[in-house]
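Colleague: Below: one structure in C-alpha cells.
The values are calculated or read from the model by the stated rules, or taken from the named source; none is laboratory data. Just so we're clear, the structure is a prediction, and the values are computed from it rather than from any experiment. Note that each Cβ is placed from the backbone with ideal geometry, even for glycine, and that neighbours are counted across all protein chains shown. Please note that ligands, DNA and RNA were not included when accessible areas were found on the heavy atoms of the full protein model with its side chains. Shrake-Rupley method; radii C 1.70, N 1.55, O 1.52, S 1.80 Å.
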Amino acid sequence: MDNLSDTLEKLKLTGSDCAADKLDGCLDCLLQALGQNNVQSSEKILQSGILQVFASLLNSQSSCTAKIAHIIAEIAKNEQLRIPCVDAGLIPPLVQLLNCKDQEILLQTGRALGNICYDSHSLQAQLINMGVIPTLVTLLGVHSQNTPLTEMCLVAFGNLAELESSKEQFASTNVADELVKLFKKQTEHEKREMIFEVLAPLAENDAIKLQLVEAGLVECLLDIVHQTVNSEKDDDMAELKTSSDLMVLLLLGDESMQKLFEGGKGSVFQRVLSWLPSHNHQLQLAGALAIANFARNDGNCIHMVDNGIVQKLIDLLDRHVEEGNVTVQHAALSALRNLAIPVVNKAKMLSAGVAEEVLKFLKSEMPPVQFKLLGTLRMLIDAQAEAAEQLGKNTKLVERLVEWCEAKDHAGVMGESNRLLSALIRHSKSKDVIRTIVESGGIKHLVTMATSEHVIMQNEALVALGLIAALELQSAECELESAKLVHVLHRLLSDERSAPEIKYNSMVLICAVMGSEPLHKEVQSLAFLDVVSKLRSHENKTVAQQASLTEQKLTVQS
C-alpha cells in the first residue's frame, strides 16, 4: 500500500508532464493494486485527488489512455466512488474518446462510462443528451468481430434502453439492422440472451418494432421456436419463451402487426396459427396472444373469422376447462373478445358456439379470466337480441354476475359484470330477462352503476333501468325502492356536472316510475319540480324538451 501511496504522489506531482514510460509504470502499479484490493485502493485513489489529473490526462490522448480508462472503470465498480468520478469531470473526456479508433481504448472507455452511470437514470440521461447512442450503434457495426467490444455496446444499450428518452434516439439509428445482423451470427444461448435483453426494451417503441420486423427479426425468432419446441433443456425452454414473448411484443405495434399479417396470407401469421394446437403451453399462449393482437382491426377480425380461427380457439379453450392454464384461458378469451367486435362477426361466432364455450369458465376464480369472459359475452350480445335473451334467462350466469358485481377487490371484474347485466336488458328488451335479474338481486347493482364516475356506464345503467320501468315495473318495484332509485335520480338531475344524456335519461326514468305508487310517493316527497323546471332552459335542446315534458307529467300527477 505504501508503494501505492508513492505512485499516487508521483502522479499527482508530475501529472500530464510525466514521461510516457514513467506514466505507464505508475498506471500499471495502480491497476495491480486495484486488482489486489479494489475497495481499499479505490479509497486511496479518491483521497489522493488524482481523479482530476486523470481528467486532464484523458483530454490529451496518449499511449496510456486505455490504461487510464481501465483504472476509472475499476474504480467506478464501487458505488460510493461514482459521484466523485462525475465531480472530477471524467464524463465529457470519456464520451469524447468513444470517437477514437483504438479498440482497447473504446472497450475500457465504454466500461468506465457504464460503471460510472450504472443504476443512475440521471447520469444515463446525461449520456443520451451527449449523443452516445448513435456513436455506440456505429461502433457496434464497425467492430462486430470484436466480441468484448460488442458485449460492451450491448450492456450499454441494455442500460440506456430502459430510459424512455433513449427510444427516439435509437429509432433514428440503424440499431435494428445491427442487432439482427449480430443475432443471426450467434449460436450460443448466453450471447443470444444478451441481445434479447436489449431487444425487449427497444421493442416497446412502435417505430423500432417496425424496424426490427423489416430487419428480419421475426424470421430469426420463428427459427428459434422451431429449434427449441420439442426440447426439454432449461436453456431451450427459456429461449422458446423469450422468442415467442418477443414475437407477441412486436405485434403490439399497428404497423408492424399489419406488415406481418399481410392480409392473412403472411407466412408469419400462418406459423402463429400452427402454435394454437401445439402441446406446448408457452406456444399456445403466444399463439392466442398473437391472434388477439392481429385482431386489433375490423378487417383482420373479419378475415380471421371467415377463415376458421374461431374453431381453433374453441378447441384450445376446451383443452383448458378443467384445471387449465390460466394464462392460456385469458389469452384465448382476449382473442375471442377482440374478434367479436365487428358487427358482422357476432352472429357467426354465436352460431359457432362461442357463448357456450365461454360459459364453461363461469366457475373460474381467477379475476383476469373472469374479466375477459365478461368482455367477450358483452361484445357477442351487442345488438343480438336472441343471444341476449338466451343468456339473460340463464339463472346461473345472472347469479354469477350479481356475485361479481360485488367484487370490490377487482374493479375491472365489478365494472364488466355491471355492464353485462345492463347489456342483457338493453339488447334483449325481454320481460323474462328482467324478471331473472330481479329475482337474482341484480337491480340494486344497476342503480349503483347509475352513480358511476364513467358517463358511459351511468348511461347504460339508466337505459336498462328505463326498460325495467317500462316493461316490468311491478315486479321490480320493491327492489327499485330499496335501492333508493328516486334519490339517485334526484341527485343526478341536481348535479350540474351530470352529462346531458344522463339528465335526459334520468327524466325519462322519472316519468316511467310514476306508474308505481310507492315510487310516485317518493318523487312527490322530493322537490323534483324545482330541479326539472330549471332544466327547461338547458343549452341542450333534447334535455330542455324532455324537461318540459317531465314538468307537465309531474304537475298533472302531483
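Colleague: Give me the helices (runs of 4 or more DSSP H) completely within segment 319-421, filtered to those with at least 1 residues that are over 22 Å from Ile437 (Cβ atoms) and polar (S, T, N, Q), ordered by residue number. Steps first, please.
Modeller: Values: elements: 326-339, 343-351, 354-359, 367-381, 385-392, 395-404.
So the answer is 326-339, 343-351.
Colleague: Of all residues in segment 178-222, count the ones that are open to solvent by 80 Å² or more (accessible area, probe 1.4 Å) and part of a helix (DSSP H, G or I).
Modeller: Keep residues of segment 178-222 that are open to solvent by 80 Å² or more (accessible area, probe 1.4 Å), which gives 181, 184-185, 187-188, 190, 197, 204, 206, 214, 219.
Within this subset, residues satisfying the condition of being part of a helix (DSSP H, G or I) are 181, 184-185, 190, 197, 206, 214, 219.
Total meeting the criteria: 8.
Colleague: Kindly list the number of the only condition in (1) modelled with pLDDT under 95; (2) touching a Gly at 6+ places or on another chain (Cβ under 7 Å); (3) of a type outside the set (Gly, Ala, Ser); (4) surrounded by fewer than 21 Cβ atoms within 10 Å (Cβ to Cβ) that fails for Val272.
Modeller: (4)
Colleague: From the list Ile75, Ile45, Ile71, which one is touching a Ser or Thr at 6+ places or on another chain (Cβ under 7 Å), within 26 Å of Gln124 (Cα to Cα) and buried (at least 19 other Cβ atoms within 10 Å of the Cβ)? Let's see the steps before the verdict.
Modeller: Details: Ile45 fails: touching a Ser or Thr at 6+ places or on another chain (Cβ under 7 Å); Ile71 fails: touching a Ser or Thr at 6+ places or on another chain (Cβ under 7 Å).
Exactly one of Ile75, Ile45, Ile71 is touching a Ser or Thr at 6+ places or on another chain (Cβ under 7 Å), within 26 Å of Gln124 (Cα to Cα) and buried (at least 19 other Cβ atoms within 10 Å of the Cβ), namely Ile75.
Colleague: From the list Leu46, Leu81, Leu90, Leu98, which residue is modelled with pLDDT of 85 or more, out of contact with any Cys (no Cβ under 7 Å at 6 or more places or on another chain) and farther than 21 Å from Val132 by Cα?
Modeller: Numbers: Leu46 fails: modelled with pLDDT of 85 or more; Leu90 fails: farther than 21 Å from Val132 by Cα; Leu98 fails: farther than 21 Å from Val132 by Cα.
Sole residue among the options that is modelled with pLDDT of 85 or more, out of contact with any Cys (no Cβ under 7 Å at 6 or more places or on another chain) and farther than 21 Å from Val132 by Cα: Leu81.
Colleague: Please specify each residue of segment 483-501 satisfying the condition of being part of a helix (DSSP H, G or I), open to solvent by 20 Å² or more (accessible area, probe 1.4 Å) and more than 21 Å from Arg419 (Cα to Cα).
Modeller: Narrowing segment 483-501 to residues part of a helix (DSSP H, G or I): 485-494, 500-501.
When the remaining residues are screened for being open to solvent by 20 Å² or more (accessible area, probe 1.4 Å), the result is 487, 490-491, 494, 500-501.
Within segment 483-501, His487, His490, Arg491, Ser494 meet the criteria.
Colleague: Filter segment 99-155 down to the residues that are within 28 Å of the chain's Cα centre (by Cα) and open to solvent by 20 Å² or more (accessible area, probe 1.4 Å) and list them by number.
Modeller: Of segment 99-155, the ones within 28 Å of the chain's Cα centre (by Cα) are 117-129, 133-134, 137, 153-155.
Hits for segment 99-155 are Tyr118, Asp119, Ser120, His121, Ser122, Ala125, Gln126, Asn129, Pro134, Val155.
Colleague: Identify, please: which residue in segment 233-263 is among the small types (Gly, Ala, Ser) and surrounded by 14 or more Cβ atoms within 10 Å (Cβ to Cβ) and is, among those, farthest from the chain's Cα centre (by Cα)?
Modeller: Looking at residues that are among the small types (Gly, Ala, Ser) and surrounded by 14 or more Cβ atoms within 10 Å (Cβ to Cβ), I get Ala238.
Colleague: Return the pair list, or none, for Cβ contacts closer than 6 Å from residues in segment 259-283 that are closer than 21 Å to Glu232 by Cα and among the aliphatic types (A, V, I, L, M) to residues that are outside any helix (DSSP H, G or I) and open to solvent by less than 30 Å² (accessible area, probe 1.4 Å), at least 6 apart or on different chains.
Modeller: Leu283/Trp275
Colleague: What tally of residues in segment 319-350 results from selecting those that are open to solvent by 10 Å² or more (accessible area, probe 1.4 Å), modelled with pLDDT of 95 or more and over 19 Å from Ala290 (Cβ atoms)?
Modeller: Result for segment 319-350: 5.
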